[in-house]
Amino acid sequence: MSLRNNFLVFVCCAVGAFAAPQQSQVSSADKSFMNKAADDDMIEANIGQMAESRAAKADVRDFAKTLADDHSRAYGELLQLANTTGDKVPRGIDIRRDRTAAQLTHLKGARFDRVFLSDEIASHEKAIAAFRREAAHGSNPEVKAMASRMIPVLQKHLDTARQLAKSESVRVAGSGTAKKS
């Protein structure tokens, strides 16, 4: 190859590198994590909004608002991350397909509070495990960093749900707390 041709190849490669922003690679496991996190964020935001109007106690309604706000913000971060990586995350959910959301639509007051808090404990325990797994073993550094940033937020939600559940004597899977009727 001549010097001129080498130069043209170099220029074309350099222009190509600057013309489009580099998108970091996302493994199928990272994509799966991002999709599940997006679905969960949308469901949590929706259930939080529902709980703001259906919960009996003010502290449960306050917690619900925090959930709705935090999970809406987290979903926005996931959208930005997906745009950065060149991937897509779900843009909507069918809330009727979520068993807990469907159950909660038929409840109000103290019964709603108990079911809502029990579900929040279970869902946040699962979410924290998934986010820790992604933070430790994910392939993409940006996805791992987002997962790491969310763990303290999710832990705070879990701690608050447990505290509220304890004050309501909510039965939580694996706990010895008595269930109110």
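The values are calculated or read from the model by the stated rules, or taken from the named source; none is laboratory data. Since we're looking at a predicted model, the values are computed, not measured. Neighbour counts run over all protein chains shown; Cβ positions are idealised from the backbone, glycine included.
A compact table of results
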read-out	value
Failed criterion for Lys156 (all others in (1) surrounded by fewer than 19 Cβ atoms within 10 Å (Cβ to Cβ); (2) in a helix (DSSP H, G or I); (3) touching a residue at least 12 places away in the same chain (Cβ under 8 Å) hold)	(3)
Residue, surrounded by the most Cβ atoms within 10 Å (Cβ to Cβ), within segment 72-88, restricted to residues that are part of a helix (DSSP H, G or I) and out of contact with any Asp or Glu (no Cβ under 8 Å at 6 or more places or on another chain)	Ala82
Residue match in segment 89-104 (condition: in contact with a helix residue (DSSP H, G or I) (Cβ under 9 Å, 6 or more places away or on another chain), part of a helix (DSSP H, G or I), farther than 16 Å from Leu164 by Cβ and at pLDDT 95 or above)	no
Candidates Asp41, Asp62, Asp69, filtered to the one that is acidic (Asp, Glu), crowded, with 18+ Cβ neighbours inside 10 Å and part of a helix (DSSP H, G or I)	Asp41
Test: Phe131 is within 14 Å of Leu164 (Cα to Cα), of a type outside the set (S, T, N, Q), part of a helix (DSSP H, G or I) and at pLDDT 95 or above	no
Lone unmet requirement of (1) free of Cβ contacts under 8 Å to residues at least 12 places away in the same chain; (2) over 16 Å from the mean Cα position of the chain (by Cα) for Lys88	(2)
